[in-house]
Amino acid sequence: MHNSSKENVKRGFASRSAALRLFGQVLEGKRLDTALAEIDQLSADVAFTRLLLMQCLRLYYAAEPLALRFTERRPSRLDRLILIMGVVQLVFLELAPHAVVAETVALAPKKSRGFINAVLRKITHYWQTSEDQEALRKNAIAHNAPPWLKIRLGQDWGNDAASAILRAQASIPPLDLAFISPEARDKWLASVPFEAQILPHGAVRIKTMPIADIAGFAEGQCWVQDGAAQLPVWLLRQHLKGKKVLDMCAAPGGKTAQILACGAEVTALDRDIKRMQRFDENMQRLGFAPRTVLADGENWTAERDFDVVFLDAPCSASGTIRRHPDMLFRDHDPRLHEAQCALFKQAIGLLKPGGILLYSVCSIRPSEGVGLMARLAADLKPYAFSKTDLAALAEVIRMDRLPHTPEHQIQTLPCDSEAIGGMDGFFIAAYQV
Ligand SMILES: C[S@@+](CC[C@H](N)C(=O)[O-])C[C@H]1O[C@@H](n2cnc3c(N)ncnc32)[C@H](O)[C@@H]1O
């Protein structure tokens, strides 16, 4: 074997071994962002390790039945994870079978290697001789969720949308960027050597890449923010210049940066000290200096003189599973509903007469969106978004999916704009006091 091929095999083994270890730990409850941050120390090939870890989590429920179909005995937990990782590589990442089998078998304890080798070979044979691989893959992805989630998606959005959401959740999301100004964005677009797309509201979409490689990132020209997450501020952009704005759940600061970029005078509040440290770093990088408050928004009071309050409330984050696939393995904290109600009421009380509240959650659960608004905001005056903006968004989002007037409520689903990479699921509503 050449030295360089030996080196590749070693790197392949180290990456797979790191991904396997972190995969098991995330399933046991380790935070995904902690696991991702550890890749650097565990593997030289950070991009491949990250891809493998994320796809094992995203595709767990699609890969597991395929893996178990060819086992005659119940595998140990470790063997099951190794087999799932094998299926993800063979079927969903379509990596070369001989390398996948050899390097995945090497991850197993000595006593299981024969078993893992036999099962992976059967899977490879089944896969290579199947007449319609695309149909098999689609069918596996249609079941790629724990039973509670499948039932919930069907009940909330109907079977067709539920299937489309599962498809979107299984895919590798693109990277969306926001810029400190339209001029900075246009200059950046003219200078980068790769393809970039502009969504109707100005979010820039590129293929995923390490953040450190994004030109202009370190210089504070842009930040990473999903296209759907950019909508709430964009929808109110005409109301922000020179206005007194409260961002009530501000960290890590994506929306605050957008509000500041519109020329508002911002108070950014959050109760989480660690997240506020990240917020400060982000603001420093972007050259912004908003007033910050570390406090619990449920009982923070001030004069009722805000023109606009953004309440980007804590939520199940069920609209962001493709970016946070660890959520497939744990349900959200039901006490979040109480927090959403308390924050909403507090936010309303901080607005001056005529002021606007924008409520948003990165959730696709109606109980945190349209259902919650029906309970909390029935007596409030809806604030209608601009018809021109809504028409522009209709190019990439289905605007007719809510039973209420779409002029003050928007619900995106992960399958919106599927052809160009989907977007996070977000609920957005606005009221004027
Ligand atoms: C969805 S995140 C906000 C994301 C942020 N708006 C952005 O665009 O980067 C929700 C935030 O609410 C904060 N939070 C949760 N409960 C809170 C409370 N009672 N008071 C203040 N902040 C709270 C969390 O610490 C978290 O940072």
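A few remarks follow.
- Scanning region 211-239 for residues that are surrounded by 20 or more Cβ atoms within 10 Å (Cβ to Cβ) and more than 15 Å from the ligand (Cβ to nearest atom) yields a single hit, GLN221.
- Scan of region 317-328 for residues that are in contact (Cβ under 8 Å) with a residue 40 or more places away in the chain, surrounded by fewer than 21 Cβ atoms within 10 Å (Cβ to Cβ) and more than 9 Å from the ligand (Cβ to nearest atom), ordered by number: ARG323, HIS324, ASP326, LEU328
- Residue that is under 21 Å from LEU246 (Cα atoms) and within 14 Å of the ligand (Cβ to nearest atom), where the choices are ALA377, ALA347: ALA347
- Looking across region 78-106, the residues that are without any contact (Cβ under 8 Å) to a residue 60 or more places away in the chain, in contact with a Leu (Cβ under 9 Å, 6 or more places away or on another chain) and over 18 Å from ILE141 (Cα atoms) come down to LEU78, ARG80, PRO97, VAL100, VAL101, VAL105.
- Here MET283 meets each of (1) buried (at least 18 other Cβ atoms within 10 Å of the Cβ); (2) near the ligand (Cβ under 9 Å from one of its atoms); (3) over 25 Å from LYS352 (Cβ atoms) with one exception, condition (2).
- All conditions but one from (1) of a type in the set (Lys, Arg); (2) within 14 Å of the ligand (Cβ to nearest atom); (3) under 17 Å from PRO174 (Cα atoms) apply to LYS255; the one that does not is (3).
- Some residue of region 82-92 being under 22 Å from ALA164 (Cβ atoms) and of a type outside the set (A, V, I, L, M): yes
- Residue check for ILE198: within 25 Å of ASP331 (Cα to Cα) and not small (Gly, Ala, Ser): no
- Selection of region 262-282 for residues being touching a strand residue (DSSP E or B) at 6+ places or on another chain (Cβ under 8 Å) and either more than 13 Å from VAL309 (Cα to Cα) or among the hydrophobic types (A, V, I, L, M, F, W, C) (or both) yields ALA264, VAL266, ALA268, LEU269, ASP270, ARG271, ILE273, MET276, PHE279, ASP280, ASN282.
- All of ASP272, ASP247 fail the test of being within 8 Å of the ligand (Cβ to nearest atom), surrounded by fewer than 18 Cβ atoms within 10 Å (Cβ to Cβ) and either within 18 Å of ILE356 (Cβ to Cβ) or within 23 Å of the chain's Cα centre (by Cα) (or both), apart from ASP272.
- Residues that are among the basic types (Lys, Arg) and in the same structural domain as PRO366 (by TED's automatic domain parsing) number at least 3 in the following helices (runs of 4 or more DSSP H) confined to region 222-336: 273-286.
- Only one entry of ALA261, ALA289, ALA339, ALA313 meets the criterion of being surrounded by fewer than 15 Cβ atoms within 10 Å (Cβ to Cβ), at pLDDT 95 or above and aliphatic (A, V, I, L, M), and that entry is ALA289.
- Cβ pairs under 9 Å, 6+ apart, first in region 365-382 and closer than 17 Å to GLY354 by Cα and assigned to a helix (DSSP H, G or I), second modelled with pLDDT under 95 and among the hydroxyl-bearing types (Ser, Thr, Tyr): none
The values are calculated or read from the model by the stated rules, or taken from the named source; none is laboratory data. Note that the structure is predicted; figures quoted are calculated from it, not measured. Positions of Cβ are backbone-derived with ideal geometry, glycine not excepted, and every protein chain shown enters the neighbour counts.
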